[in-house]
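The values are calculated or read from the model by the stated rules, or taken from the named source; none is laboratory data. Not measured: the values here are computed from a predicted model. Note that each Cβ is placed from the backbone with ideal geometry, even for glycine, and that neighbours are counted across all protein chains shown. These area figures cover heavy atoms from the full protein model, side chains too; ligands, DNA and RNA do not enter into them. Shrake-Rupley method; radii C 1.70, N 1.55, O 1.52, S 1.80 Å.
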Amino acid sequence: MTRSSASGAGKGTASTTRRDFLKASTTMASAGALGALNVGAYAGAGDVIRLGMIGCGGRNTGAADQAMTADKGVRLVAMCDIFMDRVKTVREVLKGNKPDQVVADDDHCFAGFDGYKRVIEACDVVVIANAAKFHPHHALTAIKAGKHVFVEKPHGIDPVGMKVMKQAADLARQKGLCLVSGLHSRYHTGYAETVQRIHEGQIGDVVAIEENFLRGPYGVIERKPGLSEVQWQCSTQYHFRWLSGDDVIQSLVHNLDRASWVMHNKAPAKCHGLGGRSSMTEPIYGDVFDHHSVVYEFDNGVPIYAFCRTTTGCYDEYSSVVLGTKGKADIMGCRIWGETNWRWTGKCDPYQREHDVLFKAIRDGKPVNNGDYMVPSTTIALMGQISCYTGQEVTWEQINSSEFCYEPRPEDCYDEMIPPVLPGPSGSYPVPLPGRTRML
Ligand SMILES: NC(=O)c1ccc[n+]([C@@H]2O[C@H](COP(=O)([O-])OP(=O)(O)OC[C@H]3O[C@@H](n4cnc5c(N)ncnc54)[C@H](O)[C@@H]3O)[C@@H](O)[C@H]2O)c1
């Protein structure tokens, strides 16, 4: 097994001291200079782990920072985004926080749809958080190249994307690579204890689950002069369905992941949803809905009543409430009432924990793979989203056998492309029409 060392490819030895290693690495500016970690083989305690970022928005900035906090041997060596100015700004922000660990030079900063290929080449681990359309393809490409992956939710926006993410998870398992999901609830120790207590019967049998993700819209970004239509849409990806998948997939997926966790990772058999766009209708809000309600049902009859809204000036709530025959649990409040009364009082930053677990797994040579829940939980969200758009009942069987995907495929996107949705004569983008729109 070859391992990289901060003293450079071919020069480092296992006896390189930690001080030498840190001193040397701060003077190394390029990904190539750091040498490749032979992954699949794992990093030993002192080895440098080269990190790459695919997407330079707020979330991936956080993820890269958390990766560097988790392991002092991590060096950020390559970054990409659709926009070079975002890459450079984020590089400065991260350098401010982690001056010794950010070594990506200008030659390893990439802009445009193809940047991910160069980032994957240059690193051992990638953090992926951009437009969710691309998450499955970027994750699979990285795993095929033998790289460890942290990938944000949602893990796809359509049934074809979910098959790609499942392939990535299966291949990671075969290759002994890590695949960590940004469905952060699973990494929250307080939520985990609450779910554990539900599983132990502290609220009796589960009767129903209520899920809320009610808040204002995702940040609205004014269109900068000079941006092409596709650049503009990517710059505000949350507001375009072909990029983000919309809010059941984007937000309610966290709640649905918790609900499925409570039900021992089972998926509901069917759902019906209502949704639309009533307040946030200006062209700047793209082509997404601003409210959704979905009723799911498990085979044993237990329902999930799930709601999300992205509208300003309304009642807001974030909650996952589980009703049982002997009491009730509030997962996000880490609390149980009824025959048993309990409240968790600990502290946990699940975003940091995801990376603590990932880099420990890499160091220990014990791969972690979240494929078992990341794919089904996102698929549950897809069912609900498609049901809201079409106005039809959607079954688990239907969604899993569907070949629906948003065109173009992620691998076919290119910088000069015309996006698949364009504004109509009024300047507004067309939205789905429940009862008329067909998707499955
Ligand atoms: N787990 C969580 O709680 C959590 C929290 C926030 C965001 N997220 C997820 O992280 C992802 C990113 O969120 P964000 O808030 O940073 O979004 P953002 O819109 O602020 O940033 C996304 C960035 O990705 C870039 N991008 C788009 N397509 C790209 C491509 N093909 N290649 C490279 N870059 C591309 C955009 O230009 C943009 O800079 C989303 O999927 C979101 O759901 C998860």
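Computed values, structure above
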| quantity | calculated |
| --- | --- |
| Hits in segment 215-232 - residues which are assigned to a helix (DSSP H, G or I), touching a residue at least 60 places away in the same chain (Cβ under 8 Å) and within 12 Å of the ligand (Cβ to nearest atom) | Val230, Gln231 |
| Cross-chain or 6+ apart pairs with Cβ under 8 Å, segment 87-115 first and at positive phi, then within 16 Å of the ligand (Cβ to nearest atom) | Gly112/Cys80; Gly112/Ile82; Gly112/Asp415 |
| Matching residues, segment 251-287, being farther than 26 Å from Trp396 by Cα and hydrophobic (A, V, I, L, M, F, W, C) | Met280, Ile284 |
| When residues of segment 123-141 are limited to those that are near the ligand (Cβ under 10 Å from one of its atoms) and among the small types (Gly, Ala, Ser), the one surrounded by the fewest Cβ atoms within 10 Å (Cβ to Cβ) | Ala131 |
| Any chance Ser235 is assigned by TED's automatic domain parsing to the domain that holds Asp316 and open to solvent by 50 Å² or more (accessible area, probe 1.4 Å) | no |
| Enumeration of residues in segment 71-83 that are away from the ligand (no atom under 16 Å from the Cβ) and open to solvent by 10 Å² or more (accessible area, probe 1.4 Å) | Asp71, Lys72 |
| Residue identified as over 24 Å from the mean Cα position of the chain (by Cα) and at pLDDT 55 or above among Gly44, Gly8 | Gly44 |
| Which listed residue is assigned to a strand (DSSP E or B) and modelled with pLDDT of 95 or more, from Trp337, Trp261 | Trp337 |
| Number of the condition not met by Ser428 [criteria: (1) open to solvent by 80 Å² or more (accessible area, probe 1.4 Å); (2) in contact with an Asp or Glu (Cβ under 9 Å, 6 or more places away or on another chain); (3) at pLDDT below 95] | (1) |
| Residue match in segment 233-244 (condition: modelled with pLDDT of 95 or more, touching a Ser or Thr at 6+ places or on another chain (Cβ under 7 Å), more than 30 Å from Glu407 (Cα to Cα) and assigned to a helix (DSSP H, G or I)) | no |
